[in-house]
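The values are calculated or read from the model by the stated rules, or taken from the named source; none is laboratory data. A quick note: this is a predicted structure, and the numbers were derived from the prediction, not measured. Because the Cβ atoms are built from the backbone with ideal geometry, glycine has one as well, and the counts that use them run over all protein chains shown.
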Ligand SMILES: C[S@@+](CC[C@H](N)C(=O)[O-])C[C@H]1O[C@@H](n2cnc3c(N)ncnc32)[C@H](O)[C@@H]1O
């Protein structure tokens, strides 16, 4: 079930770009999109937001596959978990912006030591210094498949996993929580003592049993919402440092 690939083309990665700051000139450019026949109101809103989002434009200029790159750059600038030569698994990696950032900061993009494995249910285009795996994390054998590809413990698990939403509040909430749990279970099974887990969570952040589990297994647990995360989005990130092992 795993489609794997290593090396190939890919973006530049590693450039800081806006890094959480937007320039006034970028903010001033506002494009209004007319509702066209055949385009729903929500896709018009999406298009308008894309056209007016300075991080979207910056990602294009910096060669990143998505604006998500700046979220990981900001989190790493604050918590310093992307160290040269470390071993990383990126869950929910498509289209690959976090893999670009990780491989550039760790050094695998330039052929240096370390490991970056990017996992997604969607197929991704190859990139230098990253091993890509097409897997559904909800499948029971997915963790084993990744662990055997990693062939040893890892220093960092990052998860930007996000389900496609149904618009039905409680169903979406269950799906979101399930993916956070899957990411955390996987991290607990593969991290080295002292390792780090970074995950997208929603609403009030990691709560209940997930927060208890994080606090029981990591010496430091913080929440952070990068400036590049849209203010109107319910997403935030949990950064769990110093895995107790
Ligand atoms: C917000 S996007 C990730 C963006 C990515 N961090 C980047 O930098 O390009 C969330 C990803 O989670 C993936 N995803 C959702 N459910 C999944 C599952 N069950 N198994 C694997 N990937 C999943 C989606 O396909 C989507 O690509």
Taking region 205-241, which residues are in a strand (DSSP E or B) and touching a helix residue (DSSP H, G or I) at 6+ places or on another chain (Cβ under 8 Å)? 221, 222, 224, 237, 238, 239, 240, 241
Could you run through region 98-116 and say how many residues are touching a helix residue (DSSP H, G or I) at 6+ places or on another chain (Cβ under 6 Å), touching a residue at least 60 places away in the same chain (Cβ under 8 Å) and closer than 29 Å to residue 164 by Cβ? 3
Can you find, within region 189-212, the residue that is surrounded by the fewest Cβ atoms within 10 Å (Cβ to Cβ) among those that are touching a strand residue (DSSP E or B) at 6+ places or on another chain (Cβ under 8 Å) and closer than 14 Å to residue 146 by Cβ? 190
For region 65-88, does any single residue satisfy the condition of being within 12 Å of the ligand (Cβ to nearest atom), modelled with pLDDT under 95 and closer than 30 Å to residue 151 by Cβ? no
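Yes or no, residue by residue, for (1) surrounded by fewer than 17 Cβ atoms within 10 Å (Cβ to Cβ); (2) closer than 21 Å to residue 202 by Cα:
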position	(1), (2)
129	no, no
136	yes, yes
145	yes, no
152	yes, no
167	yes, yes
Taking region 141-184 as the region of interest, how many residues are under 20 Å from residue 213 (Cα atoms), part of a helix (DSSP H, G or I), modelled with pLDDT of 95 or more and away from the ligand (no atom under 13 Å from the Cβ)? 1
Restricting to region 97-116, count the residues that are in contact with a strand residue (DSSP E or B) (Cβ under 6 Å, 6 or more places away or on another chain) and either part of a helix (DSSP H, G or I) or near the ligand (Cβ under 8 Å from one of its atoms) (or both). 5
Show the residue pairs meeting these rules: Cβ distance below 7 Å; 6+ apart or different chains; first residue within region 117-135 and over 15 Å from residue 88 (Cα atoms) and within 11 Å of the ligand (Cβ to nearest atom); second residue at pLDDT below 95 and not in a loop (DSSP other than H, G, I, E, B). 123/3; 134/3
Counted residues, region 215-234 - those being within 12 Å of residue 244 (Cα to Cα) and surrounded by 20 or more Cβ atoms within 10 Å (Cβ to Cβ): 1
